[in-house]
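To start, the structure itself, in structure tokens.
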């Protein structure tokens, strides 16, 4: 079974729904139409190797889950799957009568604290990461090891580059030896201290070097300076530099420009969905139901349009999380769904469908 084959054999589609922002009642004129659904494999394909758990189109905005996978994800209280099962009627394109046997209240549990609120927490981290990246842009050319080296100088320290300039030295003319018992601390020498025919090969081997290099230093030569290479800071810088430009390469440019437009330096769409998930998590604990269509639309769209400061939203999230934890402590929801019930339901649904 392939995505294309499923559309040609749509009798195997059990549920076909509009999902995403349109189902959430959060759509804007520019919003795309996403679809999710459930299908059941033809009986003959159950006995072969090719048993797809999920089918989707190339753009991944239409996704269908095989019945078994759908129930497995329900057992895990996966937010996307619970939302799909609770899709508002106006967003349901087709629903097979057998789907009436799968009801959200049979699967909702205290796992939703982790799946809904936990996923919301990951979105907060994502928003924080974007906030950091926007406010800490990196230059096109990566700094070198030399930018993280410092020389003890005049009751303090100066950058190695500054010291070399003052001494009118080039790094290629210098050599280092390790200073014992001091992490990343070196004794520094210059070519002018060597005898004719002897040479140093530089503090670093080249512009792309990831570390300093040691030299063979003749006995009796006094060091000109003591140098420290802040290797930890250099490693952090290299990681953040790499992550920043990877993010620039992969980011959704239209969404990024929208973030810059409202001037709040956070991913407003992600932050909106953070609050949507937190509110849904609380509703599950209080009312034992998944409310997909949002009656808090105005508040959520205000977040998306950048009407709140980043720090204000973070504080609201922290306060909300405390309320949600209390709600789940007092909730009568089971700790987790009944796996045996789900398995018997899967068998019942398959037998009923294949008899039709």
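The values are calculated or read from the model by the stated rules, or taken from the named source; none is laboratory data. Values in this document were obtained by computation on a predicted structure and should not be read as measured data. Counting neighbours? That spans all protein chains shown, and the Cβs are built from the backbone with ideal geometry, glycine included.
Among all residues of the stretch 9-27, there is none that is touching a strand residue (DSSP E or B) at 6+ places or on another chain (Cβ under 9 Å) and modelled with pLDDT under 90. Looking at 196, 165, 191, which is the one that is surrounded by fewer than 13 Cβ atoms within 10 Å (Cβ to Cβ) and either modelled with pLDDT of 95 or more or closer than 16 Å to residue 217 by Cβ (or both)? Residue meeting the stated conditions: 165. Identification of helices (runs of 4 or more DSSP H) wholly contained in the stretch 286-356 with 1 or more residues that are in contact with a strand residue (DSSP E or B) (Cβ under 9 Å, 6 or more places away or on another chain) and over 18 Å from residue 273 (Cα atoms) yields 339-355. Taken over the stretch 234-253, residues that are modelled with pLDDT under 95 and in contact with a helix residue (DSSP H, G or I) (Cβ under 7 Å, 6 or more places away or on another chain) amount to 2. Of the residues making up the stretch 149-156, not a single one is part of a helix (DSSP H, G or I), surrounded by 14 or more Cβ atoms within 10 Å (Cβ to Cβ) and either in the same structural domain as residue 308 (by TED's automatic domain parsing) or modelled with pLDDT of 95 or more (or both). The residue that is surrounded by the most Cβ atoms within 10 Å (Cβ to Cβ), among those in the stretch 199-212 that are under 16 Å from residue 223 (Cα atoms) and under 43 Å from the mean Cα position of the chain (by Cα), is 203. Residues that are buried (at least 16 other Cβ atoms within 10 Å of the Cβ) and within 13 Å of residue 41 (Cβ to Cβ) within the stretch 54-76 comprise 55, 64, 65, 66, 67, 68, 69, 70, listed in sequence order. Taking residue 341 as the residue in question, decide whether it is surrounded by fewer than 20 Cβ atoms within 10 Å (Cβ to Cβ), in contact (Cβ under 8 Å) with a residue 60 or more places away in the chain, on the phi < 0 side of the Ramachandran plot and assigned by TED's automatic domain parsing to the domain that holds residue 101. It is true that residue 341 is surrounded by fewer than 20 Cβ atoms within 10 Å (Cβ to Cβ), in contact (Cβ under 8 Å) with a residue 60 or more places away in the chain, on the phi < 0 side of the Ramachandran plot and assigned by TED's automatic domain parsing to the domain that holds residue 101. Checked against (1) within 20 Å of residue 234 (Cα to Cα); (2) surrounded by fewer than 18 Cβ atoms within 10 Å (Cβ to Cβ); (3) out of contact with any helix residue (DSSP H, G or I) (no Cβ under 6 Å at 6 or more places or on another chain), residue 186 passes all but a single condition, namely (2).
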